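**Student:** Below are the structure tokens for one structure; questions will follow.
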Amino acid sequence: MRCLRTVLAAGGLLLIFSPLLAQVHGDDIADRARQLHFSSIVLDTHDDTTQRFFSKTYDLAKRNPDGHIDIPRMREGGMNAIFFSIWIDGRIMGPPAIQKALDQIDAVHENVRRNSKDMVFCRTADDIRRAHKDGKIAALMGVEGGHMIGNDIRIVRIFGDLGVRYMTLSHFYNDEWADSSTDKPAHNGLTDYGKDIVREMNRQGIMVDISHVSDKTFYDALEVSKAPLVASHSSCRAICNHPRDMTDDMIKALAAKGGVIQINYEKSFIDQAYKDASDKLTGGVVAQFDQLKKYCGDDDECLSKEMNEMEKRATAEGKLPHVTWERIIDHIDHVVKLVGPDHVGLGSDFDGATMPEGMDDCTHLPKITEALMRKGYSDGDIRKILGGNILRVMEANEKVAHELEAQ
């Protein structure tokens, strides 16, 4: 067999081009990417796994046959830092919302305690770095929706004391003080009370999360907050025109104040053809949610499973197009080209969204590192995207909180 394709003389140096050599080069990239990935802090800012803690069949410590997250699969995929999302239906408000949020916060703490050989609860960026040094998975919490404070600013302080490190200002629906991106405007962004809540979040070192909020709410929060903002699980509207995604102008404004957009992997947020077909089929994300809520009631695990089953059936029947995991890279790359590598990270929405093909669970995360390396990203920039950028934003929020406390 002839494997040498071309032999060229260049100044006395023989240059040999061979499929075998190309393969060795490709394997070298794969090996280097794997080494980089598993030596980095890989931090995902949004996972709805918390809902599964209330299931009798789910065990965080064991490899589960469904869903996206558990400790064995996190280890396999190199995911060593996670924000467990505290989420309830956005139409539940007042004291019942507070109680449900506290139940989930307690469930996170209990699951971390029961798995203390593998996990440790973290509150700061330095805590996460220590966990990584000790070979443990860093566990954090984010409250997904301002309705869970029950319209009581004191609950922000309680959440802070319990270890909550970001709060999304709204969810699918407007709350009492902030407009959502998927509801009809009621407040023209943030109310004056909402602005006070943002200021209190700054004092508590709780990052202001602007995923789910209306564009006006985003700009209001950006103006009020003394600390950088985070979009814990949003993607780019320039690629997929979904109200849950951020426009280029919003991303630029976020970056200008030191913030970071954590890319969401949900198919309808990353691929325009899929979003259009899904909207036609379901009437949009809120209509789909409402339909499933009627079937599942208050069973949030049922809600996630049924959403995934509906998506699988529709794709198999040709009603929805295929979307592959490389679309995630398109969104990361778009942000980097727009504002540089310091303002983008990973916010998968695992266990709460429909994943693109090839990103079936967290074991596939090393693909992202390899893809970025093949695009020519430096090791340092890849480490930033995997987790370094959100650590920087956490530290900036911690600094602001200390400064405000000293005043």
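The values are calculated or read from the model by the stated rules, or taken from the named source; none is laboratory data. Just so it is clear, the model here is predicted, and its values are computed rather than measured. Note that we place each Cβ from the backbone using ideal geometry, even for glycine, and neighbour counts take in every protein chain shown. Note: areas computed on protein heavy atoms with side chains; ligands, DNA, RNA excluded. Shrake-Rupley method; radii C 1.70, N 1.55, O 1.52, S 1.80 Å.
**Student:** Which one of Arg75, Arg2, Arg91, Arg32 is open to solvent by 20 Å² or more (accessible area, probe 1.4 Å), modelled with pLDDT of 95 or more and part of a loop (DSSP other than H, G, I, E, B)? Break it down stepwise before answering.
**Tutor:** Values: Arg75 fails: part of a loop (DSSP other than H, G, I, E, B); Arg2 fails: modelled with pLDDT of 95 or more; Arg32 fails: part of a loop (DSSP other than H, G, I, E, B).
Among Arg75, Arg2, Arg91, Arg32, only Arg91 is open to solvent by 20 Å² or more (accessible area, probe 1.4 Å), modelled with pLDDT of 95 or more and part of a loop (DSSP other than H, G, I, E, B).
**Student:** Scan the stretch 241-259 and give yes if some residue there is modelled with pLDDT of 95 or more, of a type in the set (Lys, Arg) and touching a Pro at 6+ places or on another chain (Cβ under 6 Å), otherwise no.
**Tutor:** So far as the stretch 241-259 goes, yes, one or more of its residues are modelled with pLDDT of 95 or more, of a type in the set (Lys, Arg) and touching a Pro at 6+ places or on another chain (Cβ under 6 Å).
**Student:** Oh, and also: Quick check: is even one residue across the stretch 117-125 within 27 Å of Ile261 (Cβ to Cβ) and assigned to a helix (DSSP H, G or I)?
**Tutor:** Within the stretch 117-125 (the criterion being within 27 Å of Ile261 (Cβ to Cβ) and assigned to a helix (DSSP H, G or I)), the answer is yes, since at least one residue qualifies.
**Student:** Turning to a different aspect of this structure: How many residues are open to solvent by 40 Å² or more (accessible area, probe 1.4 Å) and touching a Phe, Trp or Tyr at 6+ places or on another chain (Cβ under 8 Å) when one looks only at the stretch 201-238?
**Tutor:** 1
**Student:** Collect the residues in the stretch 248-268 that are assigned to a helix (DSSP H, G or I), closer than 24 Å to Leu391 by Cβ and of a type outside the set (Val, Ile, Thr), keeping them in residue-number order.
**Tutor:** Scanning the stretch 248-268 gives Met250, Lys252, Ala253, Leu254, Ala255, Ala256.
**Student:** Quick test of your reading of the structure: Leu254 fulfils all but one of (1) surrounded by 15 or more Cβ atoms within 10 Å (Cβ to Cβ); (2) over 22 Å from the mean Cα position of the chain (by Cα). Name the failing condition by number.
**Tutor:** The number of the failed condition is (2).
**Student:** Whether any residue in the stretch 188-200 is touching a residue at least 40 places away in the same chain (Cβ under 8 Å), within 15 Å of Val393 (Cβ to Cβ) and open to solvent by 10 Å² or more (accessible area, probe 1.4 Å) is what I want to check.
**Tutor:** No, the stretch 188-200 contains no residue that is touching a residue at least 40 places away in the same chain (Cβ under 8 Å), within 15 Å of Val393 (Cβ to Cβ) and open to solvent by 10 Å² or more (accessible area, probe 1.4 Å).
**Student:** Filter the stretch 32-60 down to the residues that are without any contact (Cβ under 8 Å) to a residue 40 or more places away in the chain and among the β-branched types (Val, Ile, Thr) and list them by number.
**Tutor:** Thr57
**Student:** Can I ask one more? Only residues that are closer than 18 Å to Val393 by Cβ and either open to solvent by less than 30 Å² (accessible area, probe 1.4 Å) or touching a strand residue (DSSP E or B) at 6+ places or on another chain (Cβ under 7 Å) (or both): list them for the stretch 323-340, please.
**Tutor:** If the condition is that a residue be closer than 18 Å to Val393 by Cβ and either open to solvent by less than 30 Å² (accessible area, probe 1.4 Å) or touching a strand residue (DSSP E or B) at 6+ places or on another chain (Cβ under 7 Å) (or both), then Ile332, Val335, Val336, Gly340 are the ones that fit.
**Student:** Looking at (1) part of a loop (DSSP other than H, G, I, E, B); (2) open to solvent by less than 30 Å² (accessible area, probe 1.4 Å), find the lone condition where Asn241 falls short.
**Tutor:** Against the list (1) part of a loop (DSSP other than H, G, I, E, B); (2) open to solvent by less than 30 Å² (accessible area, probe 1.4 Å), Asn241 comes up short only on (2).
**Student:** Every residue in the stretch 283-304 that is open to solvent by 60 Å² or more (accessible area, probe 1.4 Å) and touching a Leu at 6+ places or on another chain (Cβ under 9 Å), please.
**Tutor:** Tyr295
**Student:** Same structure again: Take the stretch 341-355 and flag every residue that is part of a strand (DSSP E or B) and either under 18 Å from Arg383 (Cβ atoms) or out of contact with any strand residue (DSSP E or B) (no Cβ under 7 Å at 6 or more places or on another chain) (or both). Show your work before the answer.
**Tutor:** Filtering the stretch 341-355 down to residues part of a strand (DSSP E or B) leaves 344-346, 350.
Within the stretch 341-355, Val344, Gly345, Leu346 meet the criteria.
**Student:** Another question, if that's okay. Quick one: which residue in Ala138, Ala131 is more than 22 Å from Gln51 (Cα to Cα) and either in contact (Cβ under 8 Å) with a residue 40 or more places away in the chain or touching a strand residue (DSSP E or B) at 6+ places or on another chain (Cβ under 6 Å) (or both)?
**Tutor:** Step by step, each of Ala138, Ala131 is checked, and only Ala131 is more than 22 Å from Gln51 (Cα to Cα) and either in contact (Cβ under 8 Å) with a residue 40 or more places away in the chain or touching a strand residue (DSSP E or B) at 6+ places or on another chain (Cβ under 6 Å) (or both).
**Student:** Of all residues in the stretch 305-322, which are open to solvent by 30 Å² or more (accessible area, probe 1.4 Å) and assigned to a helix (DSSP H, G or I)?
**Tutor:** Of everything in the stretch 305-322, those that are open to solvent by 30 Å² or more (accessible area, probe 1.4 Å) and assigned to a helix (DSSP H, G or I) turn out to be Lys305, Glu306, Met307, Asn308, Glu309, Met310, Lys312, Arg313, Ala316.
**Student:** For the stretch 172-182, indicate whether the set of residues that are small (Gly, Ala, Ser) and open to solvent by 10 Å² or more (accessible area, probe 1.4 Å) is non-empty.
**Tutor:** Yes, the conditions are met somewhere in the stretch 172-182.
**Student:** Would you please name the residue that is farthest from Asp175 (Cα to Cα), looking only at residues in the stretch 142-163 that are within 19 Å of the chain's Cα centre (by Cα) and free of Cβ contacts under 8 Å to residues at least 60 places away in the same chain?
**Tutor:** Step one: of the stretch 142-163, the residues within 19 Å of the chain's Cα centre (by Cα) are 142-146, 163.
After this cut, where a residue has to be free of Cβ contacts under 8 Å to residues at least 60 places away in the same chain as well, the list is 143, 146, 163.
On the way: Val143: 14, Gly146: 7, Gly163: 23 Å.
Result: Gly163.
**Student:** Mind checking which residues of the stretch 137-170 are open to solvent by 10 Å² or more (accessible area, probe 1.4 Å) and more than 18 Å from Ile390 (Cβ to Cβ)?
**Tutor:** Selection gives Gly150, Asn151, Asp152, Ile153, Arg154, Ile155, Arg157, Ile158, Asp161, Leu162.
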